[in-house]
Every structure is written in C-alpha cells, then in structure tokens.
1. Checking C:C237 against (1) under 21 Å from C:T124 (Cα atoms); (2) more than 18 Å from the chain's Cα centre (by Cα), which test does it fail?
2. Do you know which of the residues in the range A:214-239 that are in contact with a Lys or Arg (Cβ under 9 Å, 6 or more places away or on another chain) and surrounded by fewer than 24 Cβ atoms within 10 Å (Cβ to Cβ) is nearest to A:D3 (Cα to Cα)?
3. Quick one: B:E401 ticks every box in (1) of a type in the set (D, E); (2) touching a helix residue (DSSP H, G or I) at 6+ places or on another chain (Cβ under 6 Å); (3) more than 13 Å from chain A (Cβ to nearest Cβ) except a single one, so which number is it?
4. When you check A:V206 against the structure, is it touching an Asp or Glu at 6+ places or on another chain (Cβ under 9 Å), surrounded by fewer than 24 Cβ atoms within 10 Å (Cβ to Cβ) and among the β-branched types (V, I, T), yes or no?
5. Please specify each residue of the range C:51-92 satisfying the condition of being surrounded by 19 or more Cβ atoms within 10 Å (Cβ to Cβ) and in a loop (DSSP other than H, G, I, E, B).
6. Filter the range B:184-218 down to the residues that are closer than 27 Å to B:I264 by Cα, free of Cβ contacts under 8 Å to residues at least 40 places away in the same chain and among the β-branched types (V, I, T) and list them by number.
7. Would you be able to say whether some residue in the range B:361-373 is touching an Asp or Glu at 6+ places or on another chain (Cβ under 8 Å), of a type in the set (K, R) and either surrounded by 17 or more Cβ atoms within 10 Å (Cβ to Cβ) or within 28 Å of B:C166 (Cα to Cα) (or both)?
8. Test B:P42 against the criterion of being without any contact (Cβ under 8 Å) to a residue 12 or more places away in the chain and either assigned to a loop (DSSP other than H, G, I, E, B) or away from chain C (no Cβ under 14 Å) (or both), and give yes or no.
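The values are calculated or read from the model by the stated rules, or taken from the named source; none is laboratory data. Note that the coordinates shown come from a computational prediction; the quantities given were computed from them, not determined experimentally. As a convention, Cβ positions derive from the backbone with ideal geometry for all residues, glycine included, and neighbour counts pool all protein chains shown.
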Amino acid sequence: MGDVLIALAPALAVSTWVFGAQVLAITVVAVGACVAFEWLIQRYLIKGPATIGNLSAVVTGVLLAFNLPSSIPLWLVILGAFVAIAIGKMTFGGLGKNPFNPALVGRVFLLIAYPVQMTSFPSVDGSSGATPLALAKGVIKGGGSVSDVMSQVNFGDLFFGNHGGSFGEVAALALILGGLYLLARKVITWHIPLAVLGTMALFSAVLWFVAPDSYLSPAFHLLTGGAILGAFFMATDYSTSPMSRSGGLIFGVGIGLITIVIRIWGAYPEGMSFAILIMNSLVPLINRIKPKRA
Amino acid sequence: MKTFPRGGIHPPSNKLSSGEAILPLSLPASVVVPLSQHIGAPAVAEVAKGDRVVVGQLIGKAGGFVSASVHSPVSGTVTAVEPLANGSGIKTPSVVIAVEGDEWLPSIDRSPELVPECRLEGPEILSLIADAGIVGMGGATFPTQVKLSPPPGKKAEILIINGVECEPYLTSDHRVMLEHPSQVLVGVGLIARALGVEKIFIGIENNKPDAIELLRKVASEMVRVLPSIEIVPLKVRYPQGGEKQLITAITGRYVPSMGLPIDIGCVVQNVGTALAVYEAVQKRKPLIERVVTVTGKGLGQPSNFLARIGTPVSALIEAAGGLPSDAQKVIGGGPMMGRAMSNLDAPVTKGTSGILVLGASEAARCAETACIKCGKCVTVCPMALEPYLLSRLVQKQRWDEAEAGAIFDCIECGSCAFTCPARVPLLDWIRLGKTEVNKIIRSRLSC
Amino acid sequence: MTLLYTILALVVLGVFLAVVLFVVARRFHVVEDPRIDQTESLLPGANCGACGFPGCRAMAEALVKEDDISSLFCPVGGADTMKSVAEFLGKAAAEREPEVAVVRCAGSCALRPDGTAVRARLSTYDGARSCAIEASTYSGDTGCSFGCLGQGDCVVVCDFDAIHINPASGLPEVVEANCTSCGKCVKACPKAIIELRRRGPKGRRVFVSCVSRDKGAVTRKACAVGCIGCGKCVKVCEFEAISLENNLAYIDPVKCRLCRKCVSECPQNTIIEVGFPAKKI
C-alpha cells in the first residue's frame, strides 16, 4: 500500500501545479475522511481490531480525490468518502472482502447524485473547463468532425496534465511513471494495465481506421479521461480484480471494451469508472475459471 | 535452461555449508533407533532388552510390503525396546542401544576402494536394496525397493536422479555429489539395471556448477562400466526438486492428478539414495548412517556430518558449535518443507537431510492479516491450485469443494505461504484438508 | 379510452395468470402430512444437526413417519421437547437424562508454568490457530500429549455460544445455560477431551478432569492436576462407580451417588465437583 502512495505522488504534484493548492486540500480531506470512517466503523460497528494501519483507507482516499474535479465543495468530498468506505468497503467486512473498488463506488455515487458539481471543471490557462473527452463528444454529437476537436486539443497538454478533468487523471506522464514504479516493485503485474490499454487502443484504432472523421484516434483515447489512472491504479486493486493472471487479462479486455463503448456510444463522455465497476461485478465469475492444469 | 513450467519462487538460498567437507561424527554414548523411519508399516523388532548387537545387524524386520528393515547403527547392548518421543514429541516404537566399541558385521566391506563392476541381475539387486533397508533419502522416506518394483502392467522407461536440492540451506546432496561422484554414478547404474531402463538423467540445479561439471567428467571417464547418463542443469527455482516438477522439467511429461510417476514411465530417486544403493549392493553395507547438514546463521560452524542413524539431534548441533543464544526454532529438514522440532533429544533418522537452527528474527511468523485477494498464491503454486480458496474451504470444512479443487494434488512445497503478503498460514490449512479429503476418498474407495 | 384499455388488459392478464396458477397448483399438488409442520414447530428450530438429521424439518419428518420414536432424540430441546412431541403424535417418547458438555482437562496456564518444578511449556506453537492442525503437527506445547491445546476448535463449531476459552487459564469453559449437548465440540476436539455427561440432579456432578493415559510419573512431571492413576479414588468409592484403565480413572455417571469422597481423596485434585453449595467453614 505504501508503494501505491509513492506511485501516486508525482501525479499529485503535477495536479497541484496545474490546479493549485485546492487539490491538496481535497486530497487531505478525502484521506482524512476515509481513514476516520474506517476507524469509526471498525471500532463501533464491527468491533474488531483497528485496520487503518494497513493504509488501504489512505489509498482509497487518494484515489477518490484523484477522481474529483478540483472545484468540488469539500462537503461533497466527505460524502463521497463516506459512501466509498461505509458502503463500498466496510459493509462487506472490510479490506479484501469488498467486491467493488471503494473509491469508484464513491466517485460514481457523486457523479450520479451531483452531476453538476462533478462535471464542472475549472478552466486551465483560459481554455474551456470541459474535459477533452466531453469536448469531443459535444463536437461530434453536434455534427462536427474529429479534426474540429483536434484543433482545440494539444497532445503535449494531455501528456503534462495541462487540461480540464478530474485532477488526478490529467497528468498522463506522471501516472505512467507511477505505474512503471508499481510494475518495477512487483506490486502489480503487467497483465491488467496492458489488457486495458491494449484493448482500448486496438478497439479505437479499428474504428478510427474505418472512419477517421467520426472516431477519435487511439492516442487521444489513451491520454484522456481516466484511462491511465484506471488501468494502473484502479483496475489493479487486489481485492476487486481476478486472482489469476489469465483472469486479469480477461478482466482488462472487458474494461477496455466497455470503456470505449461508453465513450463512443454512451451518454457519458467517460466510461472508465463504470467499466471497472461492471467488470468488478464479474470477478467472482472470472475466478471460477480454474488455473490451467496439465 | 530447463525448468518446470508453472509457479515457483526464489527464496534466498543460504547454502552456508556448501564448502564444508563431510565430517564423520563421533559415536554418541547411546542411540535411539525408531522402528518406523519410513512411510508404511513399522518394522518389527528383532532384538530384546539385553541383546548384544554389532554394526549392520538387523534389529527390525520389514513389517509388510511397504516397509523397510532397520539395522543397528552401532555395536553395543540393547537397553530398551519401547515407544520414545520423536522430533515432534510423538512416541514411536524404538530400540535404544548403549554404544560399546565399534564392531561391524564381518560381511560388510569397509575398504574405501570403488567397486564399479556388478554382475548381479535386477531381482538380486532389488533384494539387496530391500535387505539394506534403503528408503528415499531426500526426506520422503518411501521404501526404495517398492518404488523400484513397478506394479504389473506398468513399465519404467526413464530414471531421473534428483540432485536438485532446491531447499534453501541444505547441502548434504551437494556434498555427496562432490565427494562420492563415482559411487553415486555406480549406484545410479545399479538402480537403472534393477528397473531395466536405458534413459537416465541426473537433474542438478544450476547453482551447483561444480557438481554438474564433476559428475559429467566422472561419467565420461567411467563410460566403459556405466550406462549413458545425462546430467541436466536446471534453473534455480523452488520447488525444482519436487518429484512432479523435476519430471516435467526434464521430460516434459506430466504426472496425472492423483497418479504416480510410474504412470508416465518415470522413476525418481535421490542422489543420497543412489549412494546408499551403491553401498548396499557393492559393499553389503545396510543403511546405518547418512549425511546430515547442520546449519543456521547463528551456528558457530555450519557443517555436513556423516552421522549414524539414532544419534541425538542435540549432539549434531553441539558438534556444529552448539545452540546459539538467540535460537528460536530447530527444524528437521529444510526451511520450506521441514518440520519444527519440539524434542531435540530425538534421533537422526533415515530421512533427516538437515537440521536447521533459526534465530528469533528468521523464525518469527508474523501475525496473520486479512486476505486481500492479491492472487500471489495462485501465481506461485507449481501445481496450478488455488491455495487461498482451498484454505478457506478447509476452514469451513467444505471437503467436497476442496476435493473438487484438487487439494490432494498439493505437494506441500509451501510456496503459497512463503509468498503470502497477509501471512495467512495457507499450507497449515491445506495440509489438514488434504488429510481429511484423503480419508474421505479412501472410505469411498473401500465401499 | 387508454385508461379503459389498461384496466381491461390488466384484468385479462390477471385472470389468465390465476387460471395458470390454479392448474399448476392442482396438477403438482404434494400431499404432505400436516403433522410434519406442527411437529417442526414443536422442535427448537436450531437446525444444528445434533439429532443426526440435516435439520429440524428432516427430524420432524422422521418423527411423524416412524412408529417407534424412542431412538430419536433432540438433545437441544431435551426431554421436555420430546415429551410434547410424543404427546402430540401419540407415541412413546425417548427418555434421556439432560446432558452437558464437560471439559476434562484442568492443566491451565497457571498449573503448567515455565521454569518451576512442574516444567510444562516446552515449546511454542505458532502455526494456524486450529487444534486439529496443532494436534497433527506435534504432541503439544507441554509435557502432556493428551491435554487441551487451547486453540479453540470447540469454540468455533459451537452454534450456541456455549463454550469460550478463558484467557486466564487458556482452557475452554462451558456456559451450562447455553449448552444444548449437541455434541459438536466433542467431535471437533482432536484430543477427545470434551465429554457429554448428565447434568445430574440439581446440576450436581463429579468427574475426573483429565484424559492423560501417561504413567503417573510422566503425568506428575508435566502437570500439577493430572490423573496419575494411583487408584485411591477407586478404593474409596463405595458404589464401584470408578474404574481405572491405562493410568486414568473414570467415574461412571450412572453409578456415581455424588458422595464426593473421591474428591477429597484425590492427591492431584483432579476430580472436580460441580453444582454443590459452597462448604461451610
């Protein structure tokens, strides 16, 4: 768990630089609320030994914060933390027993219950506050072509986090560095991230190749929204991903497919959170695929 | 480089005593020789209190088909035949002999000369092996003559000699290969002749290049008297020396679930067993002593001893520098598959490949925390089992599901428990479940 | 108009489904003895399996089906339940004395201390918390290979919250009010320490709290309260209720008249009396 926090640090630094100190305030509140809720529930409802020492609540807090816009009111952060920890995790018995990624449960709850606050992103450098994906969706729905979108988006900005979005998901480069650190420390294996990103790239590449005017390029898909944060940090959550490596591949392919389907044909511009939650629900089924025996 | 296809771990090897030559240990004042040092029926005592015995004399006769004879490792007087505590504190029938001098049976050839030639036929070799009470020396202690007699309808094609020694700390097989290469190879040839096989492999983990090179050299020098033997270097990876893993690594064949190696035409023997077979057949010396690694980071002098069966473990530890002050656990065998001993007066037996003394920092088993479903146990399991699931099923006593999960295929290598970040004692539970499920299967077969 | 159509459609659908339900119910009707339901309601409903059936329902079926129910007994409900069931079914009830689980080991932490004359804790077990695993691993952490291991397998299997490990002694203690004598703990104990014994008149009973079959000298070395098989209790008993086998005394609960002579005679204080009023001093 400590390694995950280290891996998230560069992205937090970039976000703070882009969006300002508010980012730190949201992260601190989210972490504090998550830890406090877990401690209270463990102490007074479950009446078991304290579990906050395993840092999982801290990770949930940071990941939840990363999935929020930097303009969100702090009371919503606390509400999200409550849903994440109380409903997403402790209801099932705590660490290791929760079927859904707690941070995403909190995030999706906020997204559905408070859509306005959750999708008003502060503007960066005078550009519009919308995320690149929302921008693209708007343009394409309005009958525009992909080239109209591309004229408004700079790939360098995508890489370095200089665009609108939930504050933890914008800094692609910093997140990739963190993901590589996790791979190097053997906290995660390459299976799930590669399957997620590979499927997204392949699927969008096929569409893009067929009709480059109506579909966004694979690079755009990979660098926007929660693709990298989701692939390296959310989908790889131990408790909510399959046990075996081959199961991880199936899981990752499913996330990649659903994400692109939602992004292109769904009502929301971004589908990573939903895709991960949907595949989380299939994990028990995937775990029933027994390891291959000779 | 060859290796088994799935799972496995890399524990620190800690082979502290690999450079230490085998030292004969001085005779203890008395020995305790258990009558059951093997898998199968215990031997039946052939001596009574007050009898005089000499080295090599039969003191316990094999008590069934799957059983092994026991010979006196010392000369002296039998002072008791009674149940005595073994390393686990469980009482098993044993013969206690007070040592007087060192008088050997005259039929045993004690000269150091190599006897490479053998004119005996397979069945004669087998009966000499049975008479010598030889069992699998790697620790499994299955009577060797039984393993070398395939059941009707099955034919051995490949003989594999296990010189892997993948357990951390242990060096007894390594030293045997370095110090008695010709004897081991002659023994291998005898086993091959008893089985009637042509294809012979010796698997050695690649961290013992000296042993690989030496055996290759000796095998080429002795090519006139020996069948052709291929020395196969294997990747360093635990449990490379597991019987099923070794077979797959070398031949690519898989032992079927619940099956035996002989089902796919393979027989695996340990290098220590090969040496014992050489001594039994060519020197007529029964299994009365063995090489034991006594090791541990806190020990003054980690060593490889040639100890008589029945010597108290405490005497071996004393000879290796005595128990260090921070010693917390003494393990019979290696750190992965060995058993902690609660009784240091327990004797060395035919299956004691090592005595490992662990200090407080190494022995501590951390407190168990919640399983976070990381799946590491599934990844490292060399048998493609799901240890997290099996241990849960055992705790819930759901034996039918544990059986469906092939719990009986567990080789108890301990890779899952070693790798578990939540320190769940996975193997403890699975071992319990294996016993229960095997009981259920057996009762189903009997009715 | 829309409203009318809606109502009509729903009515037609309702009538159609009602006909289907009626036909199915008639066609697949199972005749079941109504007494099974009533008998089941007389049983405690613990579904513990102590009667030998998978649950109370199966027991009720058997009670209704069998003519002679004297071999069927619900230990949880006890004689009262069986009497009411028998009355209801008009059959003869099984007679059985109420029983309770007793723990026959008193070798507590305090009585097996380190480094004193009674040297007991020889090793420390740090494997999985399970008596079954500890018992299969080795003889135990004291010089006594028969005594309680204290990992609490009996506590885990108890459905009635009737047995707990006392942290001070490290031994299980039975909450007699909760114990239904279902026998699960008896089966769970790998050392066969727990025994179902009759509760006795007014809950009074006398039993030997030890199962060690070691020779006296060995037992004495390992435990201050172990039965050493001296046989004094056998001699003092006027009712021939005590037998001595394999260095271990056993009091027959049927023959015992609760005179308690053996209790004061036992040199090891192994024989325990339960439920008697405190002695006046």
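1. The number of the failed condition is (1).
2. A:Y238
3. The single condition B:E401 does not satisfy is (3).
4. So A:V206 does not fit the description; no.
5. C:C51, C:I69, C:L72, C:F73, C:C74, C:P75, C:V76, C:G77, listed by residue number.
6. B:I212
7. So far as the range B:361-373 goes, yes, one or more of its residues are touching an Asp or Glu at 6+ places or on another chain (Cβ under 8 Å), of a type in the set (K, R) and either surrounded by 17 or more Cβ atoms within 10 Å (Cβ to Cβ) or within 28 Å of B:C166 (Cα to Cα) (or both).
8. no
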